[in-house]
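See structure below.
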Amino acid sequence: MTQTQGSLVRQITDYAHRADPYPIYAELRKTPVAHDEGGPYIVSTYWEIHGLLHDPRLSSDARNLDPRTAPELIEADETGLPPSFLKLDPPEHDRLRRLAMAPFGPPHTPRRLHTMRGELTRIVGELIDGFEGRDRIDLVDHFSYPFPVTVICRLLGVDREDEARFHSWAGALATGLDPDPEADAAERQRTTRQARTELAGYLSELIEKRRRSPGDDMLSALVGGQGPEEGMSRTELLSTAALLLVAGHETTVNLITNGMLTLLRNPDVLSRLRADPHLVVPLVEELLRFDPPVQMLPQRTPLSEIDIAGVTIPEGAPVWLLLASGNRDPQRFPDPDRFDPQRRDNQHLGFGSGVHSCFGAPLARLEAQIALTELARRLDRPRLLEDPPTYRRNAVLRGPRQLPLAFEGLRPNGSR
(Lines give C-alpha, C1' and ligand atoms only; values in the text may rest on other atoms or scores of the structure.)
Protein backbone atom coordinates (compact mmCIF):
# COMPACT_ATOMS: atom_id res chain seq x y z
CA MET A 1 0.00 0.00 0.00
CA THR A 2 1.31 3.43 -0.98
CA GLN A 3 -0.27 6.56 0.40
CA THR A 4 0.24 10.20 -0.50
CA GLN A 5 3.44 11.72 0.78
CA GLY A 6 3.51 12.03 4.54
CA SER A 7 -0.07 10.86 5.17
CA LEU A 8 0.84 7.79 7.24
CA VAL A 9 3.62 9.60 9.06
CA ARG A 10 1.22 12.40 9.94
CA GLN A 11 -1.32 9.94 11.31
CA ILE A 12 1.25 8.18 13.46
CA THR A 13 2.84 11.36 14.79
CA ASP A 14 -0.36 13.42 15.14
CA TYR A 15 -0.52 14.59 18.75
CA ALA A 16 -4.30 14.11 18.72
CA HIS A 17 -3.63 10.34 18.84
CA ARG A 18 -0.92 10.42 21.51
CA ALA A 19 -3.18 9.35 24.38
CA ASP A 20 -4.34 6.30 22.40
CA PRO A 21 -2.38 5.47 19.23
CA TYR A 22 -3.53 1.85 19.18
CA PRO A 23 -6.57 2.26 16.87
CA ILE A 24 -4.23 3.80 14.26
CA TYR A 25 -1.87 0.84 14.66
CA ALA A 26 -4.77 -1.61 14.22
CA GLU A 27 -5.63 0.02 10.90
CA LEU A 28 -2.01 -0.12 9.79
CA ARG A 29 -1.75 -3.84 10.56
CA LYS A 30 -4.26 -4.54 7.79
CA THR A 31 -1.31 -3.83 5.48
CA PRO A 32 1.81 -5.20 7.25
CA VAL A 33 4.20 -3.09 5.16
CA ALA A 34 2.85 0.30 4.06
CA HIS A 35 4.70 2.97 2.12
CA ASP A 36 4.32 6.69 2.46
CA GLU A 37 5.03 7.96 -1.04
CA GLY A 38 8.40 9.71 -0.90
CA GLY A 39 8.71 8.71 2.78
CA PRO A 40 9.35 5.64 4.93
CA TYR A 41 8.20 2.05 4.65
CA ILE A 42 6.19 1.40 7.82
CA VAL A 43 6.15 -2.13 9.26
CA SER A 44 3.41 -2.77 11.82
CA THR A 45 2.95 -6.54 12.35
CA TYR A 46 4.79 -8.68 14.89
CA TRP A 47 6.45 -11.36 12.80
CA GLU A 48 7.60 -8.94 10.12
CA ILE A 49 9.09 -6.58 12.75
CA HIS A 50 10.71 -9.49 14.59
CA GLY A 51 12.20 -10.83 11.38
CA LEU A 52 13.66 -7.46 10.39
CA LEU A 53 15.15 -6.91 13.87
CA HIS A 54 17.10 -10.14 13.32
CA ASP A 55 17.95 -9.48 9.65
CA PRO A 56 21.59 -8.40 9.14
CA ARG A 57 20.55 -6.65 5.93
CA LEU A 58 18.68 -4.00 7.94
CA SER A 59 21.07 -1.26 9.05
CA SER A 60 20.79 1.07 12.05
CA ASP A 61 23.45 3.40 10.65
CA ALA A 62 21.89 6.56 9.17
CA ARG A 63 24.86 6.93 6.85
CA ASN A 64 23.41 4.06 4.82
CA LEU A 65 20.19 5.95 4.08
CA ASP A 66 19.69 7.13 0.53
CA PRO A 67 20.64 10.84 0.73
CA ARG A 68 17.58 11.68 -1.37
CA THR A 69 15.30 10.44 1.43
CA ALA A 70 17.51 10.94 4.51
CA PRO A 71 17.06 13.99 6.71
CA GLU A 72 20.11 16.21 7.14
CA LEU A 73 22.48 14.52 9.58
CA ILE A 74 24.36 16.26 12.36
CA GLU A 75 28.03 15.53 11.83
CA ALA A 76 30.06 14.33 14.80
CA ASP A 77 32.86 16.82 14.22
CA GLU A 78 30.37 19.70 14.59
CA THR A 79 29.32 18.66 18.08
CA GLY A 80 32.08 16.44 19.45
CA LEU A 81 29.46 13.77 20.16
CA PRO A 82 29.41 10.97 17.56
CA PRO A 83 26.56 8.46 17.15
CA SER A 84 26.25 5.89 19.94
CA PHE A 85 26.59 2.18 19.23
CA LEU A 86 22.78 1.99 18.97
CA LYS A 87 23.19 3.73 15.61
CA LEU A 88 26.01 1.52 14.37
CA ASP A 89 26.07 -1.92 12.73
CA PRO A 90 28.21 -4.97 13.49
CA PRO A 91 31.12 -5.35 13.96
CA GLU A 92 31.56 -1.80 15.38
CA HIS A 93 28.30 -2.08 17.29
CA ASP A 94 29.23 -5.44 18.80
CA ARG A 95 32.64 -4.32 20.04
CA LEU A 96 31.31 -1.17 21.72
CA ARG A 97 28.34 -2.99 23.21
CA ARG A 98 30.65 -5.62 24.74
CA LEU A 99 32.81 -2.89 26.28
CA ALA A 100 29.78 -1.04 27.64
CA MET A 101 28.36 -4.27 29.11
CA ALA A 102 31.58 -5.18 30.94
CA PRO A 103 31.02 -2.86 33.95
CA PHE A 104 27.22 -3.09 33.73
CA GLY A 105 26.51 -6.75 34.37
CA PRO A 106 27.16 -10.37 33.38
CA PRO A 107 29.52 -11.93 32.68
CA HIS A 108 32.15 -9.48 34.00
CA THR A 109 30.27 -7.87 36.90
CA PRO A 110 27.41 -10.34 37.45
CA ARG A 111 26.30 -9.03 40.85
CA ARG A 112 26.14 -5.28 40.12
CA LEU A 113 22.37 -5.20 39.67
CA HIS A 114 21.75 -7.69 42.49
CA THR A 115 23.68 -5.54 44.93
CA MET A 116 21.74 -2.46 43.79
CA ARG A 117 18.34 -3.86 44.82
CA GLY A 118 18.59 -2.64 48.40
CA GLU A 119 19.62 0.87 47.34
CA LEU A 120 16.87 1.04 44.72
CA THR A 121 14.29 0.02 47.33
CA ARG A 122 15.63 2.65 49.73
CA ILE A 123 15.45 5.42 47.08
CA VAL A 124 11.86 4.45 46.24
CA GLY A 125 10.95 4.41 49.92
CA GLU A 126 12.39 7.86 50.51
CA LEU A 127 10.58 9.32 47.50
CA ILE A 128 7.25 7.92 48.68
CA ASP A 129 8.00 9.15 52.22
CA GLY A 130 8.16 12.59 50.63
CA PHE A 131 4.42 12.33 49.86
CA GLU A 132 3.70 12.57 53.61
CA GLY A 133 1.26 15.37 54.37
CA ARG A 134 -0.09 15.42 50.81
CA ASP A 135 -3.28 13.97 49.42
CA ARG A 136 -2.31 14.44 45.76
CA ILE A 137 0.87 14.40 43.68
CA ASP A 138 2.07 14.50 40.10
CA LEU A 139 3.63 11.07 39.79
CA VAL A 140 6.03 12.18 37.04
CA ASP A 141 7.56 15.14 38.86
CA HIS A 142 7.46 13.64 42.35
CA PHE A 143 8.46 10.04 41.56
CA SER A 144 8.80 8.64 38.03
CA TYR A 145 11.44 11.15 36.97
CA PRO A 146 13.57 11.58 40.12
CA PHE A 147 13.85 7.83 40.77
CA PRO A 148 15.65 6.64 37.60
CA VAL A 149 17.62 9.90 37.37
CA THR A 150 18.99 9.37 40.87
CA VAL A 151 19.85 5.77 39.97
CA ILE A 152 21.69 6.55 36.74
CA CYS A 153 23.60 9.42 38.38
CA ARG A 154 24.85 7.08 41.09
CA LEU A 155 25.57 4.26 38.66
CA LEU A 156 27.69 6.50 36.43
CA GLY A 157 29.20 8.58 39.20
CA VAL A 158 27.57 11.84 38.08
CA ASP A 159 27.05 14.57 40.67
CA ARG A 160 23.34 14.79 41.49
CA GLU A 161 23.70 18.58 41.50
CA ASP A 162 24.37 18.42 37.74
CA GLU A 163 21.07 16.65 37.05
CA ALA A 164 19.23 19.79 36.00
CA ARG A 165 21.82 20.42 33.29
CA PHE A 166 21.61 17.04 31.60
CA HIS A 167 17.83 16.95 32.08
CA SER A 168 17.50 19.73 29.50
CA TRP A 169 20.08 18.07 27.22
CA ALA A 170 18.26 14.73 27.44
CA GLY A 171 14.97 16.40 26.58
CA ALA A 172 16.46 18.06 23.51
CA LEU A 173 18.08 14.84 22.31
CA ALA A 174 14.85 12.88 22.87
CA THR A 175 12.94 15.48 20.85
CA GLY A 176 15.47 14.99 18.07
CA LEU A 177 14.32 11.36 17.81
CA ASP A 178 10.72 12.37 17.15
CA PRO A 179 9.98 12.37 13.40
CA ASP A 180 7.11 14.85 13.66
CA PRO A 181 6.64 16.34 10.17
CA GLU A 182 4.82 19.34 11.64
CA ALA A 183 7.81 20.40 13.76
CA ASP A 184 10.22 23.12 12.67
CA ALA A 185 13.05 20.93 11.34
CA ALA A 186 15.65 23.72 11.34
CA GLU A 187 14.87 24.74 14.93
CA ARG A 188 14.85 21.12 16.11
CA GLN A 189 18.22 20.52 14.47
CA ARG A 190 19.66 23.69 16.02
CA THR A 191 18.44 22.69 19.49
CA THR A 192 19.72 19.14 19.10
CA ARG A 193 23.12 20.32 17.87
CA GLN A 194 23.46 22.71 20.81
CA ALA A 195 22.50 20.00 23.31
CA ARG A 196 24.98 17.54 21.80
CA THR A 197 27.76 20.14 21.89
CA GLU A 198 27.11 21.11 25.52
CA LEU A 199 26.72 17.49 26.65
CA ALA A 200 29.97 16.55 24.89
CA GLY A 201 31.79 19.33 26.75
CA TYR A 202 30.33 18.27 30.10
CA LEU A 203 31.18 14.61 29.57
CA SER A 204 34.71 15.42 28.40
CA GLU A 205 35.39 17.15 31.71
CA LEU A 206 33.81 14.29 33.65
CA ILE A 207 35.85 11.66 31.79
CA GLU A 208 39.08 13.54 32.55
CA LYS A 209 38.12 13.70 36.24
CA ARG A 210 37.55 9.93 36.27
CA ARG A 211 40.86 9.38 34.47
CA ARG A 212 42.69 11.32 37.20
CA SER A 213 40.66 9.98 40.10
CA PRO A 214 38.66 6.81 39.32
CA GLY A 215 35.84 5.69 41.58
CA ASP A 216 33.61 2.63 41.96
CA ASP A 217 31.24 3.59 39.14
CA MET A 218 30.57 2.58 35.56
CA LEU A 219 32.16 5.65 33.98
CA SER A 220 35.41 5.03 35.85
CA ALA A 221 35.34 1.42 34.66
CA LEU A 222 34.75 2.50 31.05
CA VAL A 223 37.55 5.09 31.24
CA GLY A 224 39.88 2.49 32.77
CA GLY A 225 39.15 0.07 29.93
CA GLN A 226 38.27 -2.83 32.21
CA GLY A 227 37.07 -5.64 30.00
CA PRO A 228 38.05 -8.46 27.68
CA GLU A 229 39.62 -6.27 24.95
CA GLU A 230 41.18 -2.90 24.23
CA GLY A 231 39.16 -0.01 25.64
CA MET A 232 37.18 2.71 23.94
CA SER A 233 38.60 5.75 22.18
CA ARG A 234 37.82 9.19 23.60
CA THR A 235 34.98 9.79 21.13
CA GLU A 236 33.56 6.32 21.79
CA LEU A 237 33.64 7.02 25.53
CA LEU A 238 31.75 10.26 24.93
CA SER A 239 29.02 8.67 22.84
CA THR A 240 28.60 5.70 25.20
CA ALA A 241 28.47 7.88 28.33
CA ALA A 242 25.87 10.12 26.64
CA LEU A 243 23.79 7.09 25.70
CA LEU A 244 23.87 5.71 29.25
CA LEU A 245 23.05 9.07 30.78
CA VAL A 246 20.12 9.87 28.49
CA ALA A 247 18.68 6.41 27.76
CA GLY A 248 19.26 5.40 31.38
CA HIS A 249 16.29 7.42 32.53
CA GLU A 250 14.16 8.65 29.61
CA THR A 251 12.54 5.27 28.89
CA THR A 252 12.25 4.19 32.54
CA VAL A 253 10.31 7.35 33.43
CA ASN A 254 7.71 6.37 30.82
CA LEU A 255 7.70 2.70 31.83
CA ILE A 256 6.89 3.54 35.46
CA THR A 257 4.32 6.22 34.57
CA ASN A 258 2.59 4.12 31.90
CA GLY A 259 2.61 1.26 34.38
CA MET A 260 0.92 3.17 37.18
CA LEU A 261 -1.61 4.62 34.74
CA THR A 262 -2.47 1.10 33.55
CA LEU A 263 -2.78 -0.20 37.12
CA LEU A 264 -5.12 2.63 38.11
CA ARG A 265 -7.25 1.85 35.06
CA ASN A 266 -7.28 -1.81 36.18
CA PRO A 267 -7.96 -1.61 39.95
CA ASP A 268 -8.45 -5.36 40.24
CA VAL A 269 -4.87 -5.90 39.09
CA LEU A 270 -3.63 -3.18 41.45
CA SER A 271 -5.33 -5.00 44.34
CA ARG A 272 -3.79 -8.31 43.29
CA LEU A 273 -0.32 -6.74 43.17
CA ARG A 274 -0.78 -5.27 46.64
CA ALA A 275 -1.74 -8.72 47.96
CA ASP A 276 0.91 -10.64 46.00
CA PRO A 277 4.13 -8.68 45.23
CA HIS A 278 5.47 -11.64 43.21
CA LEU A 279 2.93 -10.75 40.53
CA VAL A 280 5.11 -7.77 39.60
CA VAL A 281 7.56 -9.79 37.46
CA PRO A 282 5.06 -10.95 34.80
CA LEU A 283 3.13 -7.70 35.29
CA VAL A 284 6.07 -5.57 34.12
CA GLU A 285 6.53 -7.84 31.10
CA GLU A 286 2.89 -7.35 30.20
CA LEU A 287 3.28 -3.58 30.61
CA LEU A 288 6.19 -3.69 28.16
CA ARG A 289 3.88 -5.39 25.68
CA PHE A 290 0.68 -3.50 26.40
CA ASP A 291 1.99 0.10 26.56
CA PRO A 292 5.75 0.21 25.90
CA PRO A 293 7.80 3.36 26.52
CA VAL A 294 9.49 3.07 23.10
CA GLN A 295 6.72 2.99 20.50
CA MET A 296 8.78 2.72 17.32
CA LEU A 297 12.24 2.58 15.77
CA PRO A 298 12.13 5.19 13.00
CA GLN A 299 15.71 4.90 11.75
CA ARG A 300 16.43 1.69 9.87
CA THR A 301 17.41 1.08 6.24
CA PRO A 302 18.16 -1.98 4.07
CA LEU A 303 21.75 -2.56 2.95
CA SER A 304 20.27 -4.41 -0.02
CA GLU A 305 16.81 -4.91 -1.43
CA ILE A 306 14.51 -6.75 1.00
CA ASP A 307 11.23 -8.53 0.20
CA ILE A 308 8.85 -8.72 3.15
CA ALA A 309 5.10 -9.49 3.28
CA GLY A 310 4.90 -9.16 -0.48
CA VAL A 311 6.54 -5.71 -0.57
CA THR A 312 10.00 -4.96 -1.95
CA ILE A 313 11.87 -2.38 0.14
CA PRO A 314 14.74 -0.91 -1.89
CA GLU A 315 18.28 -0.44 -0.65
CA GLY A 316 18.73 2.78 1.32
CA ALA A 317 15.01 3.42 1.88
CA PRO A 318 13.92 4.63 5.34
CA VAL A 319 12.10 1.95 7.37
CA TRP A 320 10.03 2.46 10.52
CA LEU A 321 9.39 -0.49 12.84
CA LEU A 322 6.26 0.08 14.96
CA LEU A 323 7.15 -2.01 18.03
CA ALA A 324 4.00 -1.01 19.93
CA SER A 325 1.82 -2.09 17.01
CA GLY A 326 3.57 -5.46 16.81
CA ASN A 327 2.90 -5.90 20.53
CA ARG A 328 -0.85 -5.63 19.85
CA ASP A 329 -0.85 -7.95 16.82
CA PRO A 330 -3.66 -10.53 17.26
CA GLN A 331 -1.72 -12.94 15.02
CA ARG A 332 0.85 -13.17 17.83
CA PHE A 333 -0.99 -12.30 21.06
CA PRO A 334 -4.54 -13.53 21.76
CA ASP A 335 -6.90 -10.75 22.84
CA PRO A 336 -4.02 -8.24 22.53
CA ASP A 337 -5.92 -5.16 23.75
CA ARG A 338 -6.54 -6.77 27.14
CA PHE A 339 -4.04 -6.13 29.93
CA ASP A 340 -3.27 -9.57 31.36
CA PRO A 341 -0.29 -9.76 33.76
CA GLN A 342 -0.39 -13.56 33.67
CA ARG A 343 -0.22 -13.77 29.89
CA ARG A 344 1.70 -16.82 28.68
CA ASP A 345 4.45 -16.82 26.05
CA ASN A 346 4.85 -13.06 26.32
CA GLN A 347 7.79 -12.51 23.95
CA HIS A 348 7.05 -8.82 23.48
CA LEU A 349 9.03 -6.21 21.55
CA GLY A 350 9.12 -3.71 24.41
CA PHE A 351 12.93 -3.80 24.53
CA GLY A 352 13.36 -4.54 20.83
CA SER A 353 15.02 -7.78 19.79
CA GLY A 354 18.15 -9.01 18.07
CA VAL A 355 21.58 -7.38 18.31
CA HIS A 356 20.08 -4.00 19.23
CA SER A 357 17.87 -5.23 22.07
CA CYS A 358 18.03 -2.80 25.00
CA PHE A 359 21.16 -3.61 26.98
CA GLY A 360 19.79 -1.62 29.95
CA ALA A 361 16.71 -3.85 30.11
CA PRO A 362 17.69 -5.67 33.35
CA LEU A 363 18.02 -2.36 35.22
CA ALA A 364 14.81 -0.93 33.74
CA ARG A 365 12.91 -4.09 34.70
CA LEU A 366 14.24 -3.99 38.27
CA GLU A 367 13.45 -0.29 38.68
CA ALA A 368 9.89 -0.74 37.39
CA GLN A 369 9.30 -3.84 39.54
CA ILE A 370 10.41 -2.11 42.75
CA ALA A 371 8.64 1.16 41.93
CA LEU A 372 5.25 -0.35 41.07
CA THR A 373 5.33 -2.82 43.97
CA GLU A 374 5.96 -0.06 46.51
CA LEU A 375 3.47 2.37 44.99
CA ALA A 376 0.80 -0.34 45.05
CA ARG A 377 1.66 -1.31 48.63
CA ARG A 378 1.98 2.13 50.19
CA LEU A 379 -0.57 4.41 48.50
CA ASP A 380 -3.95 4.13 50.20
CA ARG A 381 -6.81 4.21 47.66
CA PRO A 382 -4.96 5.98 44.86
CA ARG A 383 -7.03 7.33 41.98
CA LEU A 384 -6.47 9.27 38.77
CA LEU A 385 -7.35 12.95 38.74
CA GLU A 386 -7.06 13.26 34.98
CA ASP A 387 -7.73 10.56 32.40
CA PRO A 388 -6.34 10.67 29.84
CA PRO A 389 -3.44 12.66 31.25
CA THR A 390 -1.41 15.22 29.33
CA TYR A 391 1.15 13.42 27.15
CA ARG A 392 4.58 14.48 25.96
CA ARG A 393 4.66 15.46 22.32
CA ASN A 394 7.22 12.76 21.48
CA ALA A 395 5.69 9.92 19.44
CA VAL A 396 8.76 7.67 19.79
CA LEU A 397 9.34 7.89 23.56
CA ARG A 398 5.66 8.02 24.48
CA GLY A 399 4.46 8.73 28.00
CA PRO A 400 2.45 11.19 30.12
CA ARG A 401 4.04 14.55 30.84
CA GLN A 402 2.02 14.64 34.05
CA LEU A 403 0.05 12.03 35.97
CA PRO A 404 -1.96 13.73 38.74
CA LEU A 405 -2.98 11.26 41.47
CA ALA A 406 -4.99 11.55 44.67
CA PHE A 407 -4.73 9.17 47.63
CA GLU A 408 -6.02 8.99 51.19
CA GLY A 409 -2.80 8.26 53.05
CA LEU A 410 0.45 6.30 53.14
CA ARG A 411 1.18 2.90 54.55
CA PRO A 412 4.44 2.47 56.52
CA ASN A 413 7.79 2.28 54.74
CA GLY A 414 8.81 -1.35 55.15
CA SER A 415 12.27 -0.74 53.66
CA ARG A 416 13.51 1.20 56.69
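The values are calculated or read from the model by the stated rules, or taken from the named source; none is laboratory data. Predicted, not measured: the structure shown is a model, and the values here were computed from it. When we count neighbours, we look across all protein chains shown, and the Cβ atoms used for this are built from the backbone with ideal geometry, even at glycine. Side chains are part of the model used for accessible areas, which takes the heavy atoms of the whole protein and leaves out ligands, DNA and RNA. Shrake-Rupley method; radii C 1.70, N 1.55, O 1.52, S 1.80 Å.
Note on region 123-164: among residues that are without any contact (Cβ under 8 Å) to a residue 60 or more places away in the chain, of a type in the set (A, V, I, L, M) and closer than 17 Å to Ala368 by Cβ, the one that is least open to solvent (accessible area, probe 1.4 Å) is Ile123.
When Asp94, Asp89, Asp66 are checked against the criterion of being under 22 Å from the mean Cα position of the chain (by Cα), at pLDDT 75 or above, acidic (Asp, Glu) and not in a helix (DSSP H, G or I), Asp89 stands alone in meeting it. Taken over region 330-370, the residue count meeting the criterion of being open to solvent by 20 Å² or more (accessible area, probe 1.4 Å) and aliphatic (A, V, I, L, M) is 1. With respect to (1) within 20 Å of the chain's Cα centre (by Cα); (2) under 24 Å from Pro388 (Cα atoms), the lone exception for Ile128 is condition (1).
Which of the residues that make up region 294-329 are of a type in the set (Ser, Thr, Tyr) and open to solvent by 40 Å² or more (accessible area, probe 1.4 Å)? Correct list: Ser304, Thr312.
The number of residues in region 254-268 that are within 20 Å of Tyr25 (Cβ to Cβ) and open to solvent by 10 Å² or more (accessible area, probe 1.4 Å) comes to 1.
Among the listed residues Ala221, Ala242, Ala200, identify the single one that is surrounded by 17 or more Cβ atoms within 10 Å (Cβ to Cβ), hydrophobic (A, V, I, L, M, F, W, C) and within 28 Å of Leu58 (Cβ to Cβ).
Values: Ala221 fails: within 28 Å of Leu58 (Cβ to Cβ); Ala200 fails: within 28 Å of Leu58 (Cβ to Cβ).
Being surrounded by 17 or more Cβ atoms within 10 Å (Cβ to Cβ), hydrophobic (A, V, I, L, M, F, W, C) and within 28 Å of Leu58 (Cβ to Cβ) holds for just one of Ala221, Ala242, Ala200, which is Ala242.
Of Glu386, Glu374, Glu286, which residue is open to solvent by 40 Å² or more (accessible area, probe 1.4 Å) and among the acidic types (Asp, Glu)?
Values: Glu374 fails: open to solvent by 40 Å² or more (accessible area, probe 1.4 Å); Glu286 fails: open to solvent by 40 Å² or more (accessible area, probe 1.4 Å).
Answer to the check: Glu386.
Return a yes/no flag: does region 147-162 have any residue that is touching a strand residue (DSSP E or B) at 6+ places or on another chain (Cβ under 8 Å) and modelled with pLDDT of 85 or more. No, that holds for no residue.
Filtering region 12-26 to residues that are assigned to a helix (DSSP H, G or I) and crowded, with 20+ Cβ neighbours inside 10 Å leaves Ile12, Thr13, Tyr25. Evaluation of Ser271 against the conditions (1) closer than 16 Å to Val33 by Cβ; (2) of a type outside the set (A, V, I, L, M); (3) surrounded by fewer than 15 Cβ atoms within 10 Å (Cβ to Cβ) shows that the sole unmet condition is (1).
Is at least one residue of region 216-235 modelled with pLDDT of 95 or more and within 17 Å of Ala361 (Cβ to Cβ)? No, region 216-235 contains no residue that is modelled with pLDDT of 95 or more and within 17 Å of Ala361 (Cβ to Cβ). Among the residues making up region 27-51, a single one is over 19 Å from Pro334 (Cβ atoms), surrounded by 23 or more Cβ atoms within 10 Å (Cβ to Cβ) and touching a Gly at 6+ places or on another chain (Cβ under 7 Å): Asp36.
Would you pick out the residues in region 395-406 that are open to solvent by 10 Å² or more (accessible area, probe 1.4 Å), out of contact with any helix residue (DSSP H, G or I) (no Cβ under 6 Å at 6 or more places or on another chain) and assigned to a loop (DSSP other than H, G, I, E, B)? Passing the criteria: only Arg401.
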